[in-house]
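We did not get these values from a lab; they are worked out from the coordinates using the rules stated. Everything quoted here is computed from the prediction, not taken from an experiment. No Cβ is skipped: glycine too gets one built from the backbone with ideal geometry, and neighbour counts run over all protein chains shown.
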């Protein structure tokens, strides 16, 4: 792992800015599952007037925003077990049907957090692998390999400065060759058969400097 | 195959009498699927006051009698595509769920017609095997092996006098070792690991005479 | 255009929120103005699922549309192989079908299929009805194949992999995928949510999951929210196109 | 006894048809008067499915009843492994559980499970949530096993059979059967038909299919016919026992 100093010349995107950048790329009419944690923020940044449909693994399509205080219903929650609402046109269904739609490519986009993404698109996001840590997988493996497009949203570096883009994951894998794109606080990258390819980066960074910072090969944008 | 003369000393049960005899044995609360053809008659003979639930493979539980003339609904039919009704407490479901309940032992009793039943419980009822005959299987194989109890309802002999109880089926099989009991116009027989065992027969017939007529071994009733 | 479709198809300008200026909103709209529009891209050689159990749930208008559309060399996946001269029978009669995958081709008046079959002019893959439903669901649920007891030791399992599981013999069955699934529903909305009518539901929900493009003919279009979310049977994610068919064609 | 249960449990004399004399009618009645009655035969060593996604759909009264009932050495199949001190966590704390099969044991306050797991006092079979749902459904649908892409190449597929199907790698997964399935539903009738409430539906329908004995706690009992047959989610054939639970216990 390559470690970098925390102080940098470029301004990192905030979590909301990453979410907004990702939301830009969600196309009209997409069926989208937003994973627990940072991906949840994406819902707040879908461009006005663009209609998309949010799915939640626990049996919802057409998931809406959190309810007003006092309107919470313990029977209407998202994958993170937080209260949500259902939009007109939404539907309830059971777990078997829910995962059928997640696992057979009916979902257009799954947005997941990650510990690591490898240049071949392997994803590690379910378990640190540390002894004593309680493993929990939920729907992560289903989403990773089941959706048409798997997008990862994560910070570029860990708190102690290790790059989360790697040539090979050393955390336990969630899925093999399943990530199509990565949104970080520094850049947006496609994962191709030839490895990471830059789409865009924060000001001051190009593929070469990002590659150097990250310690993995990152090709410049295809023109 | 053993052939017998049509004229006999004993009076055969009519189709309605076979149906009534079988209906006697359907226990309170049973979930029952009645196959196309003769088994359909059983619904008319369920003892008054005994509540059972009829399932139809095309997605009904709680199937009721045919509607009054003029009340037919093309969207509410039985497996034979004849108009039926739904009782209070009935439910509609799709084919995958319907066959899930048929195939996993949720149905208590499937009543099926047959060309032949072997002494090991093999069933042949879906195809004559004659060249030029159009094969059609529908839900027969699912019911035969899926229900908790598979009961066959048929005439004892074919029109040309061949016994339909056989040591080994020569028609194409529907299922292996799946028939538990056979109701014919002459007798009721259990199919056990030791072969056919008589339960009861029309007057004048005992296991020995029935066995001789049928050309297969039939043990006397267990006492 | 007038009538209910207009509500769903003629505009992407949805007006204004109270107190704000109006703006353009692009909305998901799966409602198409005609059967022809819904079937325009069915290609020669396509695998097409057709819902229904006999006439109950048969999407008559879509099958008629498919005949008019002209695609040839089709593989049809359905419970039955048509009867009389309408519906699937008419498609067969028009010479468009290379192969039928079904459970029950023989019906009282299935003479068109019967004649083609006896003449060796159509291929038949006969599948126990539960295996048919489960194989269709498998395609829609991402299952690569499954073991079932149904069919073991019969002609319909000949040549298939078998396995003993917990002392019982099972047969390996594979998913049935389709390029198009044509189904009939009772009520639909612009997101593709569907309800069905009584036993006409049958193969609709599983086929909707298995079709790469699922086209539903519906008797009634309702605005978004017009279907109780607890009572949606096929969620819109499984449906790509919805067409309202006003006339209830009658096929037994 | 008084209240709604009386309608369902106190009599098998259903009165008379108009114009005829009355007679005794035995009726199907799956409604039991108490949680204790519904769980009396849970045996030591039983596999028990428990519905719910966190607190949504968790059958709190049945889980409490199971604690009171006293069966030990249980295998619990559920999406989560409990949190706080109530529900599944309380069952674990009472030392009744040998093994948990679930997808997501780690929660913000799953400290009871965490401690038992770290101490090696409970066995965990961790299953991706979709494999969990599909394996439960497989048990209820007569499937002997199936191939899925989910988990391939990960620790959770270690030691499992793999197979290449159409160029993709799949893992073989087996059904999960249960002696008892404990689920929570919104509305039930004496035939065992059930509806659910919003996302509390989750594992209920599949578990109902997989349980040899399925016990549903319902908020409301309705007479036969009180549930629209189009809106029944779990048909009664999958349910053996129904208990009305008046109080809505709150577990997050």
Where does helix A:15-24 land angle-wise versus the long Cα axis of chain A, in degrees 0 to 90, nearest 10? 80
Evaluate E = 1/(1 + (r/R0)^6) for residue B:168 and residue C:99, where r is the Cβ-Cβ distance and R0 equals 35 Å; express this FRET efficiency to the nearest 0.05. 0.55
With contacts defined as alpha carbon pairs under 8 Å and 6 or more residues apart, what's the relative contact order of the range A:15-219 in percent? 18
Dividing the Cα convex hull volume of chain D by residue count, how many Å³ per residue is that? 149
Say a label goes 7 Å from Cα toward Cβ at residue C:158 in every copy; what distances in nm does this one have to the rest, shortest first? 4.6
Which of A:204, A:132, A:64 moves most in a GNM of chain A, Cα contacts under 10 Å? A:132
Evaluate the distance, in nm, between pseudo-label points positioned 7 Å from the Cα of residue C:36 and of residue B:192 along their respective Cα→Cβ axes. 7.1
Please arrange B:10, A:151, C:191, B:126 by counting, for each residue, the other beta carbons lying within 10 Å of its beta carbon, fewest first. B:10, A:151, B:126, C:191
Over the Cα atoms of the range A:100-207, what Rg and Dmax result, in angstrom? 13.7, 44
Which residue fluctuates the most in chain D, going by a Gaussian network model with Cα springs under 10 Å, if the choices are D:225, D:145, D:192? D:225
Of C:31, C:222, C:213, the one that fluctuates the most in a GNM where chain C has Cα springs shorter than 10 Å: C:222
For residue D:109 and residue B:9, extending 7 Å from Cα along the Cα-Cβ vector and measuring point to point gives, in nm, a value of 8.4
Based on the Cβ-Cβ distance from residue B:48 to residue C:118, what FRET efficiency comes out when R0 is 60 Å, to the nearest 0.05? 0.80
Give me D:76, C:183, C:112 ranked fewest to most by other Cβ atoms within 10 Å of their Cβ, as a rough exposure proxy. C:112, D:76, C:183
Let's test the formula: R0 of 30 Å, r as the Cβ-Cβ distance of residue D:85 and residue D:155. What FRET efficiency results, to the nearest 0.05? 0.45
In percent, how large is the relative contact order of chain D, given Cα pairs closer than 8 Å and 6 or more residues apart? 21
Run the label-point distances for residue A:48 please: 7 Å along Cα to Cβ, every other copy, nanometres, shortest first. 7.4
State, to one decimal in nm and shortest first, how far the label point of residue A:221 sits from each corresponding label point in the other identical copies (label point: 7 angstrom along Cα-to-Cβ). 8.9
Tell me the angle of helix C:60-69 to the major Cα principal axis of chain C, expressed in degrees between 0 and 90 and rounded to the nearest ten. 90
Using only the alpha-carbon atoms, how far is helix C:129-141 inclined from the longest principal axis of chain C? Give it as 0 to 90 degrees, nearest 10. 50
Any idea how far apart residue A:219 and residue D:212 come out in nm if each label point goes 7 Å out from Cα toward Cβ? 5.8
